[in-house]
1. Does C:Ile75 satisfy the condition of being among the β-branched types (Val, Ile, Thr) and within 21 Å of D:Ala67 (Cα to Cα)?
2. I'd like the full set of residues that are among the hydrophobic types (A, V, I, L, M, F, W, C) and touching a Ser or Thr at 6+ places or on another chain (Cβ under 7 Å), limited to segment A:91-138.
3. Considering each residue of segment B:34-52, count those that are on the phi > 0 side of the Ramachandran plot and crowded, with 21+ Cβ neighbours inside 10 Å, and give that number.
4. Closer than 20 Å to C:His60 by Cα, touching a strand residue (DSSP E or B) at 6+ places or on another chain (Cβ under 9 Å), surrounded by fewer than 17 Cβ atoms within 10 Å (Cβ to Cβ) and not basic (Lys, Arg) - does that describe any residue in segment D:80-95?
5. Tally time: how many residues in segment C:18-28 are surrounded by fewer than 24 Cβ atoms within 10 Å (Cβ to Cβ) and either farther than 19 Å from C:Thr105 by Cα or more than 7 Å from every other protein chain (Cβ to nearest Cβ) (or both)?
6. If you check A:Thr5 against the conditions, is it surrounded by fewer than 17 Cβ atoms within 10 Å (Cβ to Cβ) and under 13 Å from the mean Cα position of the chain (by Cα)?
4 protein chains.
Amino acid sequence: MTTYTRDFPIRIHDVDAAGIVFFAKYFTLAHNVYEQFLADIGHSIPAAIEQGDYIIPIAHSECHYRAPMRHGDEITGELRLKEIRGTSFVVETTLVGKDGVHRATVTTRHVCVGTKTMKPIPMPDSLRDALTKYLIES
Amino acid sequence: MTTYTRDFPIRIHDVDAAGIVFFAKYFTLAHNVYEQFLADIGHSIPAAIEQGDYIIPIAHSECHYRAPMRHGDEITGELRLKEIRGTSFVVETTLVGKDGVHRATVTTRHVCVGTKTMKPIPMPDSLRDALTKYLIES
Amino acid sequence: MTTYTRDFPIRIHDVDAAGIVFFAKYFTLAHNVYEQFLADIGHSIPAAIEQGDYIIPIAHSECHYRAPMRHGDEITGELRLKEIRGTSFVVETTLVGKDGVHRATVTTRHVCVGTKTMKPIPMPDSLRDALTKYLIES
Amino acid sequence: MTTYTRDFPIRIHDVDAAGIVFFAKYFTLAHNVYEQFLADIGHSIPAAIEQGDYIIPIAHSECHYRAPMRHGDEITGELRLKEIRGTSFVVETTLVGKDGVHRATVTTRHVCVGTKTMKPIPMPDSLRDALTKYLIES
């Protein structure tokens, strides 16, 4: 299994009035890693939206918060596939500081949906193959 | 049991390049309802942050997406307490359209933490009493 | 002249790591007032986008910051039209606290553009008439 | 004169219901470039906030929009100093696409303010020297 990683800093506007990253921002930060991941494996979201055959909306998302992130923290997003099924897959993104402290784990379930029918459809083989390299071995 | 409700519109910037509300925004929209709820029951977050005895960070959050929200949709946030324990509580916010369509359910676990020790502490009685009115009867 | 006003609170996520509202958020908060204004005068943005004859993108925006806004502040957005021309108009939104302190003035120039040609077109008479009531008398 | 440049992609959540980057986001994207610039010249914002002698709030901001940015666009932020005075400086950030199209120019005036007095103070020599290398020659 390969882990896809991506580094990013915590910006001034990621932090809220409590002095830590706002809980909803964890999902945005993890999604930035996911967007770059899809582009890097040849399945960029803008191209998919433009091509128009299918979209991959998120059906469920969750985040387990372990330690706060603060302004200026350097974070590594570690993305792995937790599950790959016929029409859906689950992405797990762990956010870890440069200091080695595990900050949070964001999990999102994505479902392939035909643009015309808006019903689940089998994901394209090329996408499945690309994702499988990042699947956590069970 | 009482349900706390709050209406709000979907703004142009809530929607992303796919034409629907970005999945992370559901958490922000639900948190807006929660912030107003706390202010309305006499436990506003700014006052708590300023007073400085305790904070109530979110330890876990999740969202189940059922139907997309679009620009101009009028949404009602229905907030209820799903669980109240000694040092933590769980808030469930259902997002329902004016059209009656259930869009999503956002669930967040909040833990009372002493500002000095950063360890869980029993929540103040006045907060517990105020929350209990909104507890889903089991 | 009539002034369009709209009250809103500063939320925890409007504030950044410096403990004050992030400078870019002033534009978002002012635009929320503008969106509601357009809806209330019968020219809602979602309807205009869907109808598809013209859009009204922003060609220039600026903000003059006078005093910071903090978490929990209650703000009134006061919207007026500063200028109405053949194909464009200028909106001025003043953000004032419940304490009477003038926080900032946001100014945005909007240009009517035909959706097909993407060139400036005269704004519809009904929109011009509706806007004119809010024009600052010179 | 040196120009500080930084590349970044337009993410799905940068775009709004009109299919283009929301006008307020231009300021956030330009500020990301500015934050990285300050860190790279040895004057990071988190360090300044923590050290606590002075802060550099924005007194005025404006953006001139020339062409829309869309999801997936690769943008280069080109940052230059437009003016350096005793207690303030003006940053100009030009956003240019990989396609060479000039999308927008964001201009922000920053004022050094003493944390205790909250009044303008002369900026530290080390900051002035670092900024001067990026000053547009007149």
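Bear in mind these aren't lab numbers, they're just calculated from the coordinates by the rules spelled out. These numbers come from a predicted model, not from an experiment. All Cβ positions, even for glycine, are placed from backbone atoms using ideal geometry, and neighbour counts span all protein chains on display.
1. In short, no.
2. A:Val91, A:Val96, A:Val106, A:Val111, A:Cys112, A:Ile121, A:Met123, listed by residue number.
3. Final tally of qualifying residues: 0.
4. No, the conditions are met nowhere in segment D:80-95.
5. The number of residues fulfilling the criteria is 4.
6. Here the answer is yes, as A:Thr5 does meet what is asked.
Yes/no matrix, rows are residues, columns are (1) touching a residue at least 24 places away in the same chain (Cβ under 8 Å); (2) within 14 Å of chain B (Cβ to nearest Cβ); (3) at negative phi:
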position: C:Asn32; (1), (2), (3): yes, yes, yes
position: C:Tyr54; (1), (2), (3): yes, no, yes
position: C:Ala59; (1), (2), (3): yes, no, yes
position: C:Arg66; (1), (2), (3): yes, no, yes
position: C:Thr76; (1), (2), (3): yes, no, yes
position: C:Thr87; (1), (2), (3): yes, no, yes
position: C:Gly97; (1), (2), (3): yes, yes, yes
position: C:Gly100; (1), (2), (3): no, no, no
position: C:Val113; (1), (2), (3): yes, no, yes
